[in-house]
1. Check region 74-95 and report whether any residue there is loosely packed, with under 13 Cβ neighbours inside 10 Å and of a type in the set (D, E).
2. Does V34 meet the test of being within 14 Å of the chain's Cα centre (by Cα) and at pLDDT 95 or above?
3. Inside region 20-44, can you point out the residues that are within 20 Å of A57 (Cβ to Cβ) and either in contact with a His (Cβ under 6 Å, 6 or more places away or on another chain) or loosely packed, with under 14 Cβ neighbours inside 10 Å (or both)?
4. Suppose we filter G104, G49, G23 for residues that are over 15 Å from the mean Cα position of the chain (by Cα) and in a loop (DSSP other than H, G, I, E, B); which single one remains?
5. Within region 103-114, can you find the residues that are farther than 16 Å from C28 by Cβ and buried (at least 16 other Cβ atoms within 10 Å of the Cβ)?
6. Among the candidates A31, A56, A73, A68, single out the residue that is among the small types (G, A, S), in a helix (DSSP H, G or I), under 22 Å from A123 (Cβ atoms) and touching a strand residue (DSSP E or B) at 6+ places or on another chain (Cβ under 6 Å).
Amino acid sequence: MRVEGWERILQNRINNAQPFDWGTNDCCMFAVSVVEAITGVDYGIAYRGYKTKRGAASRLLKAGGVEAIATNALGEPKQRKMARRGDVVSFMSGQEVSLGICNGDKIAAVSDDGLVLLPMSHALKAWSV
């Protein structure tokens with residue numbers, strides 16, 4: 001269940017997205033922080049504590065990957081065309097599957113330079129929030 005005023009909270013989180021940082025604002029932690037902001041539920045507790053790419057890879061391997069993390073937290077994925085604002089989506093970032101947030105017709109995700117917006121047509125799967 002989303003909190004009252006979630007639309008404004010979502011937009012503030014997207015507008016104020018910080019650059020990519022392993023363990024605090026990488027693809028998973030960005031998605032987790034947005035979901036927590038708009039629902040009040042922190043699904044990232046079990047995944048925190050790493051600070052490097054290697055640490056992230058170890059956590060992801062144990063969890064089965066970013067899509068498995070999303071499924072474990074939010075339930076079975078749905079078709080990307082069914083995504084609505086605030087839902088978690090997966091997409092390819094180079095050779096890796098990453099997570100972002102649906103913001104209408106764009107995927108909001110973090111990069112080294114801060115926020116990046118990608119077309120929703122790049123989404124692989126979506127999870128309801």
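The values are calculated or read from the model by the stated rules, or taken from the named source; none is laboratory data. A quick note: this is a predicted structure, and the numbers were derived from the prediction, not measured. Positions of Cβ are generated from backbone atoms using ideal geometry, with glycine treated the same way; all protein chains shown enter the neighbour counts.
1. Yes: region 74-95 contains one or more residues that are loosely packed, with under 13 Cβ neighbours inside 10 Å and of a type in the set (D, E).
2. Values: within 14 Å of the chain's Cα centre (by Cα): yes; at pLDDT 95 or above: yes.
It is true that V34 is within 14 Å of the chain's Cα centre (by Cα) and at pLDDT 95 or above.
3. Going residue by residue through region 20-44, those that are within 20 Å of A57 (Cβ to Cβ) are 20-32, 43-44.
Hits for region 20-44 are D21, T24.
4. Working: G104 fails: over 15 Å from the mean Cα position of the chain (by Cα); G23 fails: over 15 Å from the mean Cα position of the chain (by Cα).
Result of the check over G104, G49, G23: G49.
5. Result: N103, K106.
6. Details: A56 fails: touching a strand residue (DSSP E or B) at 6+ places or on another chain (Cβ under 6 Å); A73 fails: touching a strand residue (DSSP E or B) at 6+ places or on another chain (Cβ under 6 Å); A68 fails: touching a strand residue (DSSP E or B) at 6+ places or on another chain (Cβ under 6 Å).
From the options A31, A56, A73, A68, the qualifying one is A31.
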